[in-house]
């Protein structure tokens, strides 16, 4: 830290991304990437001809990408904004809808990036505890007057909230924005996107990093009432007008148009999740009911921290959060069948005789 | 605007990017892109194999790219941060080094994005008038206690400040950060990068959008003392940890390593600038002395606004700012020789008989 750091930046609570090792080949089950390459249509779209055009700016309005997204979800292009990953979109939303007089509420156990936004923008935050079984008690949010952010399914638990609960929340106070972060929704939770036309106070954020196999392309988007989208664009054009690069605009549109590939990828992940959950439970693990491309699991025989470290020694990266209530768990990304078999075999060896 | 917009976001003054038309083929001289495709090494680096790897996250530390940049500029990797365009880097710098108790000073005529940062982060700003000939009077900044931002060469004038002036500014108050925005430096201005090792209060920002032909790749970087870089990373990991995508990391490193291609591109632009300046002066234009890949020019025979509109009707886009002091000018990107010949011919016809 330099002596020049502003008080506002000093207050920042930077997010810690999962390890991205460069030195060794791990089985990487720690950052919820897809185990599959992007759609063949993405490979076609990011052609040599397009790479040659990198000397030209990208379209700051992301028109072609937003049109493809709007079409996929049955919305108008005015209901869509794209950004450099859904993290950027979430940052836009925190700045647009939280601030002086409007705080934010989210779960005590949820995506850690929300805390980074609270600190960055100096927003008052209410952290509402998940229930003992890690389910979200939507009634706790009913009387909160500020913006509500719900990850659905939640991270790192993987547990989903029924859309009927979110509908109640939207209706209980139309003068409050509800942001539903659906980064993992395609793996089995019910999406709130069909509610976008009904509720002017609903913003749904999604990402192409997981179900669309484009983590390295950095493409996120939000769907909502055109006025909410206009607000997000106001922040976007203040912060980084050209935030999505040319090749990602193309990759994103190609990925969203390949419905068949997308459905098949999600289906395989769901099947591998069922298999992995079963295999872990057989070995005495408690696995939270996941609707995401990861499972959150604990064993009475080995602590979360030790399991994380021992798996790493064995060449498998999972994510462990050294945090109250979830210290006993590890979060395991659902990869390919071979990866999950290797994980389970490794766990079998590590826990044998304990 | 929705009724949910926060007071902080309402205060935003979004930046207006230059037109990026999609409907017609213009000679595009309005956003200071390079007229040349990226280096052949970039085409090699962004291979099909790499596109297939987009399912994996990019390296949030940008290690390989930062190493390439550090090597090119004779600095350590701890002196480098990369971002999603230099706009993002500038946003990091405004948040890191301006805020409560620390305002910012910049020229009244300069890159419009600084105003967007001031509004976004609620920073107090002092706008110091350029001299009558649009040169920057460095002495006006000497007593300002906050952060100073200088575009060198300046936009949209193209005029450079000698490094000796910036050195005086750095020395006059070591307790103040001086940000030198060198987006256009490669086209003829003197760079402050050699001062980075000398002054702990100097931050130099650069972009690959202009001289490296990668506007559509969105890659910017800053060079400075390791403590300043640490501060910027603090903001980055709060705002968007994975902000540079996989393909841009590769493209940027390849571009920075192709010194020969870079030098040749810059040289051609400089030659075309000399030619264009001469041709415009022959037609009675006043052209400010430019060290950038654009010229800022006015004619007594046609107003800036009219020239912009008439050129657009003729299929040539230039940039016009409807703003005091510079309303008479247009900013013309230096493109290929053919593009500049077409521009000059078009201007000849438009101004004939006036």
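Readers should treat all values here as calculations from the given coordinates under stated rules, not as data from a laboratory. Because the structure is predicted, anything quoted here is derived from the model rather than measured. Here the Cβ is made from the backbone with ideal geometry for all residues, glycine too, and neighbour counts use every protein chain on show.
Taking every DSSP beta bridge that has both residues in the protein assembly as shown, what percent is antiparallel when rounded to the nearest 5? Antiparallel bridges make up about 55 percent of those DSSP assigns within the protein assembly as shown. When the Gaussian network model of chain A links Cα atoms closer than 10 Å, the mean-square fluctuations of A:15, A:111, A:141 top out at A:15. Each helix, a run of at least 4 DSSP H residues, gives -39500 (n - 2.57); summed and divided by the residues of chain A, these come to -11500 deg cm²/dmol at 222 nm. Here the contact order of region A:278-342, divided by its residue count and restricted to Cα pairs under 8 Å and six or more residues apart, works out to 30 percent.
Here is how far apart the residue B:173 label points are across copies: 4.4 nm, shortest first, using a point 7 Å from Cα toward Cβ. When chain A is treated as a Gaussian network with alpha carbon springs shorter than 10 Å, the biggest mean-square fluctuation among A:20, A:206, A:339 belongs to A:20. Annotation: the antiparallel percentage among DSSP beta bridges lying fully within chain A is about 55.
For chain B, calculate the relative contact order in percent as a whole number, restricting contacts to Cα pairs under 8 Å that are 6 or more residues apart. Relative contact order, chain B: 23 percent.
Which shape class applies to region B:113-177: rounded if a/c is under 1.5, otherwise prolate when a/b exceeds b/c and oblate if not, where a ≥ b ≥ c are the square roots of the Cα gyration tensor eigenvalues? Could the numbers behind the result be given before it?
Numbers: a/c = 1.84, a/b = 1.10, b/c = 1.66.
In terms of gyration-tensor shape, oblate.
Of B:231, B:328, B:143, the residue with the greatest mean-square motion in the GNM of chain B, using alpha carbon springs below 10 Å, is B:143. Quote the relative contact order of region A:91-250 in percent (integer), defining contacts as alpha-carbon pairs under 8 Å separated by 6+ residues. That works out to 18 percent. Cα centroids of region A:238-260 and region A:140-170: 28 Å apart. Ordering of B:286-298, A:210-222, B:35-47, B:123-135 by packing is A:210-222, B:286-298, B:35-47, B:123-135, highest average first (other Cβ atoms within 10 Å, averaged per residue).
The distance between label points at residue B:47 and residue A:173 comes to 5.5 nm (points 7 Å beyond Cα on the Cα→Cβ vector). For a test of the definition: using alpha carbon positions, the gyration tensor, and the 1.5 limit on a/c, classify region B:20-115 as rounded, prolate or oblate. Oblate.
Distances, shortest first, from the label point of residue B:139 to those at the same position in the other copies read 7.4 nm; the point lies 7 Å along Cα to C-beta. Quick check on region A:89-202: take the gyration tensor over C-alpha atoms, sort the square-rooted eigenvalues as a ≥ b ≥ c, and tell me if it's rounded (a/c under 1.5), prolate or oblate. Rounded, since a/c falls under 1.5.
Label-point distances for residue B:354 to the equivalent site in the other copies, using a point 7 angstrom along Cα→C-beta, read 8.0 nm when ranked shortest first. Considering region B:276-354 at the alpha-carbon level, its Rg and Dmax are found to be 11.3, 32 Å. Potential lengthening of the chain between residue A:352 and residue A:322 amounts to 8.3 nm, from the contour at 0.36 nm per residue minus the alpha-carbon distance.
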